[in-house]
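The values are calculated or read from the model by the stated rules, or taken from the named source; none is laboratory data. Treat the numbers as computed from the prediction; the structure is a model and nothing was measured. Backbone-built Cβ (ideal geometry, glycine too); neighbour counts: all protein chains shown.
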Amino acid sequence: MNLSFQEKSLWVVFLGLIAASGWYCYTVSESIVPTELAVDVMPDQVALFIAAVVLLIIVQIVGHIAIAVGDRRSEMDERDRLIGLKGTRNGAFVLATGAFFALSAAMMTKGNFVSSHVLLGFWVLAQLTETGSQLFLYRRGR
């Protein structure tokens, strides 16, 4: 399978986002005591979020350096731009839906834990949708 620089870059973004957000969700869910109802985002959860962002940045930097060393052809053509636009459109629909659900959660729950995590979850899902759509379109050939 011969992948372009853009496709390889999308795989790094996709897998890095899954790894960082998966780690964050796992650690936050483990830090919540089952008998307590989480109301507000706690400082330790903010620290976990910052650690997840740092993990994502490190994965992206290392991955893109590895890609750049192996493939120096990084020019985008019209097909790459069109695929990027279609992916962005798909991700925007998911993000708009997530914003609606986060606002609804903010009105129906006490504190900011639920609404901030709904928004964060949809933000990650929107990015995965955007990147996944682009990967699908590259593999489909359009």
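Okay, here's what the table says:
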{"read-out": "Residue within the stretch 34-53 that is within 14 Å of GLU130 (Cα to Cα), modelled with pLDDT of 90 or more and either within 16 Å of the chain's Cα centre (by Cα) or not in a helix (DSSP H, G or I) (or both) present", "value": "no"}
{"read-out": "Residues that are in a helix (DSSP H, G or I) and touching a residue at least 12 places away in the same chain (Cβ under 8 Å), drawn from the stretch 106-116", "value": "PHE113, VAL114, SER115, SER116"}
{"read-out": "Matching residues in the stretch 8-19 - criterion: being closer than 17 Å to THR129 by Cβ and touching a residue at least 60 places away in the same chain (Cβ under 8 Å)", "value": "LEU10, TRP11, VAL13, PHE14, LEU17, ILE18"}
{"read-out": "Filter result for ALA102 (within 13 Å of the chain's Cα centre (by Cα) and surrounded by 14 or more Cβ atoms within 10 Å (Cβ to Cβ))", "value": "no"}
{"read-out": "The stretch 9-33, subset in contact with a helix residue (DSSP H, G or I) (Cβ under 7 Å, 6 or more places away or on another chain) and of a type in the set (Gly, Ala, Ser), residue modelled with the lowest pLDDT", "value": "SER31"}
{"read-out": "Verdict on ALA51 being more than 18 Å from GLY22 (Cα to Cα) and among the hydrophobic types (A, V, I, L, M, F, W, C)", "value": "no"}
{"read-out": "Some residue of the stretch 97-104 being more than 20 Å from TRP11 (Cα to Cα) and touching a residue at least 40 places away in the same chain (Cβ under 8 Å)", "value": "no"}
{"read-out": "Residue within the stretch 40-50 that is of a type in the set (Gly, Ala, Ser) and in contact with a helix residue (DSSP H, G or I) (Cβ under 8 Å, 6 or more places away or on another chain) present", "value": "no"}
{"read-out": "Where a residue in the stretch 117-138 is closer than 14 Å to THR88 by Cβ and touching a residue at least 60 places away in the same chain (Cβ under 8 Å) and its partner, wherever it lies, is of a type in the set (Gly, Ala, Ser) and assigned to a helix (DSSP H, G or I), with Cβ under 6 Å and at least six apart", "value": "GLN134/GLY87"}
{"read-out": "Answer residue from the stretch 64-96, given it is outside any helix (DSSP H, G or I) and out of contact with any Lys or Arg (no Cβ under 8 Å at 6 or more places or on another chain) and is farthest from LEU15 (Cα to Cα) among those", "value": "ASP77"}
{"read-out": "Any chance GLN60 is among the polar types (S, T, N, Q), closer than 19 Å to LEU3 by Cβ and in contact (Cβ under 8 Å) with a residue 12 or more places away in the chain", "value": "yes"}
